[in-house]
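The values are calculated or read from the model by the stated rules, or taken from the named source; none is laboratory data. Predicted model, so just to flag it, every value in this text is computed and none were measured. Don't worry about glycine lacking a Cβ; one is built from the backbone with ideal geometry, like all the others, and counts go over all protein chains shown.
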Amino acid sequence: MNPETGTGMANKSPPPDPGGYEDDDARVRELLRLCYEDGILPRDIDPGEMAVQGWNVRFKVKDSFDRIKVQWLKERTITVIFRDAARFLSRNVKEDLIRAYEDEKVQTSEFGKGFSRGRVKLESLNVASYVAKSTTIFAWLMEKQSAKVVLGGDTYRMEFNLWLTKAQLREQRRLEDLSTFWVITVQVPLDAMFYLEAHIRRAIDPVILTHPPERDRLKPTLVNIKFDLDPGARPNMKDSITVDTFEDDELEVRRASSDTPRCGKCRAFFHTTDECRRGGRFHQQQGGAGGQGGRDDVAQEVSSRQIYHGPLGRGEASVQPATSVVGGGLAQPPDISFANIYQNLAFMAVPQAMQPNAVLTQLLQELALAQAGSSVPLG
């Protein structure tokens, strides 16, 4: 079929615009409630003005409808931010953490007998949208602002913010970029870490805050470290720092800031979305995953490699190093978390731990085999 002429074997024109819709605020709000609370998509609404662009179709929706939609969502939707190790929890655990606040209020009957659960949509690795069916729980969570949840001895932080449209998010980020200045050292080599903060202080500006290291999305055996600096030091930004060692080796550490190009597909710095060579693979891996991205993508890409298991904690969804089989048992990596990078300088090497009971089991099996073959006298 030719997209320009509309001719082809199964040529069928789209239905005409029925028109005749009224900007009834109450009617639109009821349709919004059915859509976001009950999952019923409305059919008889004004689709807007349609323009065919080759194989694509663009709709300009009615301003009045869209304004009501945004207002309705702002009255009920909360953006949940998962901080630090909470980002790497599984999808189910993240949803359960949000649901826990509903359960708490249901048990105390504070929301009445007619209270029902809201909808949770995971937007990315550390962001979820929660559409509350009650404006009471919406107001309660907004007043709460943040929360800490303890699971298995680990503490996970969440923040509750107002839901914003994409345009509002862009404006918010623009204003934040003007008022803050941060530098991220990308894929830090082990032997360059020792001088990292001192070099930033000397070359750019004194560091206000050093954030905990995070696994690099593309190379999880390496880490990225973020530093907060004074906004007035923005003109001093350097793209990279080269370290000359006593053996005449060169260690290059690349740096990124809010002005550095960043890919919208793989989220890596130093290239744009159009220049990305990994985007196609990342999107294929994301297919059917609900667009969460992040943790599942990394797990698929590095399932056969040992990875950094340092200060990010022991979140349920953290990708673990490969285990070794000894005497029929699994030797798990040591359960260690670090408060900061200075407690884990050897972050790139995760030793394969051999549990004492596994060693004993192996020796007993070898002894039993030897005894059965009469190769080793016992007693």
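Restricting the search to the stretch 225-282, which residues are touching a residue at least 24 places away in the same chain (Cβ under 8 Å), more than 17 Å from residue 181 (Cα to Cα) and buried (at least 16 other Cβ atoms within 10 Å of the Cβ)? Passing the criteria: 241, 243, 251, 253, 266, 267, 268, 278. Out of all the residues in the stretch 222-244, is one or more more than 14 Å from residue 185 (Cα to Cα), out of contact with any Pro (no Cβ under 8 Å at 6 or more places or on another chain) and part of a loop (DSSP other than H, G, I, E, B)? Within the stretch 222-244, not a single residue is more than 14 Å from residue 185 (Cα to Cα), out of contact with any Pro (no Cβ under 8 Å at 6 or more places or on another chain) and part of a loop (DSSP other than H, G, I, E, B).
It is to be established whether one or more residues within the stretch 42-53 are at pLDDT below 85 and in a strand (DSSP E or B). Checked against the condition, which is being at pLDDT below 85 and in a strand (DSSP E or B), the stretch 42-53 yields no hits at all.
Every listed requirement among (1) modelled with pLDDT under 80; (2) within 20 Å of the chain's Cα centre (by Cα) is met by residue 113 save one, (2). Out of the residues in the stretch 165-191 that are in contact with a strand residue (DSSP E or B) (Cβ under 8 Å, 6 or more places away or on another chain) and modelled with pLDDT under 85, state the one that is farthest from residue 128 (Cα to Cα). Ranking the qualifying residues of the stretch 165-191, first place goes to 191. Taking the stretch 186-217 as the range and being within 24 Å of residue 261 (Cβ to Cβ) and acidic (Asp, Glu) as the test, the residues that pass are 205, 214, 216.
Of the residues making up the stretch 200-219, not a single one is part of a loop (DSSP other than H, G, I, E, B), surrounded by fewer than 12 Cβ atoms within 10 Å (Cβ to Cβ), among the hydrophobic types (A, V, I, L, M, F, W, C) and not assigned by TED's automatic domain parsing to the domain that holds residue 90. Taking the stretch 29-41 as the range and being surrounded by 14 or more Cβ atoms within 10 Å (Cβ to Cβ) and either modelled with pLDDT of 85 or more or in contact with a Phe, Trp or Tyr (Cβ under 9 Å, 6 or more places away or on another chain) (or both) as the test, the residues that pass are 29, 31, 32, 33, 35, 36.
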